[in-house]
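Everything below concerns the one structure shown next.
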């Protein structure tokens with residue numbers, strides 16, 4: 001199986017197809033590289049599509065040491081993929097956990113990103129939700145440890161922002177749940193504790209986000225409750241960002257609404273690729289309602 005080696009020696013499985021400008025897909029906690037099948041089938045017609053499994057997600061390595069899991073390592077694993085494949089720059093698409101990694105990648109390595117798609121990003125980000133999210137991440141980790149992957153995965157796949165997917169597309173949701181059940185207990189537990197529970201709040205990154213110039217598409221479903229306010233925060237703060245909200249949609253928005261998700265990305269990438277993407281006009285943030293002074 002093809003793999004690249006991260007800076008600390010961890011091997012990351014990847015798959016690629018298509019040719020042209022590269023897109024790197026970064027998956028969510030409950031997904032893996034297979035979660036982007038609807039996007040890769042679509043975009044590989046015109047782009048070189050690369051999807052990889054994060055550390056802790058077989059067939060990538062599953063380090064037993066919890067210290068090898070962090071937000072910084074998740075960020076740098078994206079860079080390692082680009083470096084190993086000889087890519088100076090790429091469009092980077094991330095959802096949820098992958099959305100956080102994509103945002104941090106854009107903050108740390110702006111010269112390596114043609115554009116960023118930050119989707120479903122916000123769990124635990126709001127200041128009043130930090131302690132609750134950390135407690136729920138630890139409870140989930142303990143559940144995976146005590147019940148095993150198959151049983152705990154089913155409960156995770158029926159969360160309040162996942163039932164929308166089940167209601168719309170039972171077959172697609174079942175495939176998602178089955179793939180989640182195949183994940184590693186060790187990798188999932190270490191990811192929850194090392195990456196999820198310890199990552200910084202988006203609200204602590206506003207100064208850095210305000211300096212971003214990389215074209216950025218922020219996306220969320222309107223029933224992905226923990227991500228709505230953080231999505232607005234990113235839209236308001238990042239001068240080069242636009243916001244797309246998918247109606248009646250939960251957390252796994254690329255699987256739940258693949259056609260709408262792909263269409264939004266296609267318009268965005270096209271604007272970036274032809275040089276038509278523009279930062280927000282500062283006059284749009286004047287602070288008045290009608291423009292009168």
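Residues of region 234-258 being in a helix (DSSP H, G or I) and within 26 Å of residue 156 (Cβ to Cβ), which ones?
234, 253, 254, 255, 256, 258
Can you pull out every residue in region 259-271 that is surrounded by 18 or more Cβ atoms within 10 Å (Cβ to Cβ) and either out of contact with any helix residue (DSSP H, G or I) (no Cβ under 7 Å at 6 or more places or on another chain) or assigned to a loop (DSSP other than H, G, I, E, B) (or both)?
If the condition is that a residue be surrounded by 18 or more Cβ atoms within 10 Å (Cβ to Cβ) and either out of contact with any helix residue (DSSP H, G or I) (no Cβ under 7 Å at 6 or more places or on another chain) or assigned to a loop (DSSP other than H, G, I, E, B) (or both), then 264, 265, 268, 269 are the ones that fit.
Which one of the conditions (1) at pLDDT 95 or above; (2) surrounded by fewer than 18 Cβ atoms within 10 Å (Cβ to Cβ); (3) within 19 Å of the chain's Cα centre (by Cα); (4) not in a helix (DSSP H, G or I) does residue 219 fail to meet, given that it meets all the rest?
(2)
Test residue 56 against the criterion of being surrounded by 19 or more Cβ atoms within 10 Å (Cβ to Cβ), in contact (Cβ under 8 Å) with a residue 12 or more places away in the chain, on the phi > 0 side of the Ramachandran plot and touching a helix residue (DSSP H, G or I) at 6+ places or on another chain (Cβ under 8 Å), and give yes or no.
So residue 56 passes the test.
Over 27 Å from residue 241 (Cα atoms), out of contact with any strand residue (DSSP E or B) (no Cβ under 6 Å at 6 or more places or on another chain) and modelled with pLDDT under 95: which single residue out of 136, 147, 182, 175 fits that description?
Exactly one of 136, 147, 182, 175 is over 27 Å from residue 241 (Cα atoms), out of contact with any strand residue (DSSP E or B) (no Cβ under 6 Å at 6 or more places or on another chain) and modelled with pLDDT under 95, namely 136.
Name the residues in region 30-45 that are under 12 Å from residue 179 (Cα atoms) and crowded, with 19+ Cβ neighbours inside 10 Å, would you?
First, pick out the residues of region 30-45 that are under 12 Å from residue 179 (Cα atoms): 30-35.
The answer is 30, 31, 32, 33, 35.
Scan region 78-95 for residues that are in a loop (DSSP other than H, G, I, E, B) and either in contact (Cβ under 8 Å) with a residue 12 or more places away in the chain or within 23 Å of residue 222 (Cβ to Cβ) (or both) and jot them down.
Restricting attention to region 78-95, the residues satisfying the condition of being in a loop (DSSP other than H, G, I, E, B) are 85-89.
85, 87, 88, 89, listed by residue number.
When region 142-170 is examined, which residues are found to be under 16 Å from residue 248 (Cβ atoms) and surrounded by 14 or more Cβ atoms within 10 Å (Cβ to Cβ)?
161, 162, 163, 164, 165, 166, 168, 169
Residues that are under 23 Å from residue 266 (Cα atoms) and touching a helix residue (DSSP H, G or I) at 6+ places or on another chain (Cβ under 9 Å): list the helices (runs of 4 or more DSSP H) wholly contained in region 96-167 that include at least 3 such residues.
97-108
Return a yes/no flag: does region 244-251 have any residue that is touching a residue at least 12 places away in the same chain (Cβ under 8 Å), more than 17 Å from the chain's Cα centre (by Cα) and surrounded by fewer than 21 Cβ atoms within 10 Å (Cβ to Cβ).
The answer is yes, given that some residue of region 244-251 is touching a residue at least 12 places away in the same chain (Cβ under 8 Å), more than 17 Å from the chain's Cα centre (by Cα) and surrounded by fewer than 21 Cβ atoms within 10 Å (Cβ to Cβ).
Across region 185-216, what is the total count of residues that are in a loop (DSSP other than H, G, I, E, B), at pLDDT 95 or above and touching a helix residue (DSSP H, G or I) at 6+ places or on another chain (Cβ under 6 Å)?
The qualifying residues number 2.
The values are calculated or read from the model by the stated rules, or taken from the named source; none is laboratory data. Predicted model only: the values in this text are computed from it and were never measured. FYI the Cβ positions are ideal-geometry reconstructions off the backbone, even for glycines, and counts take in every protein chain you see.
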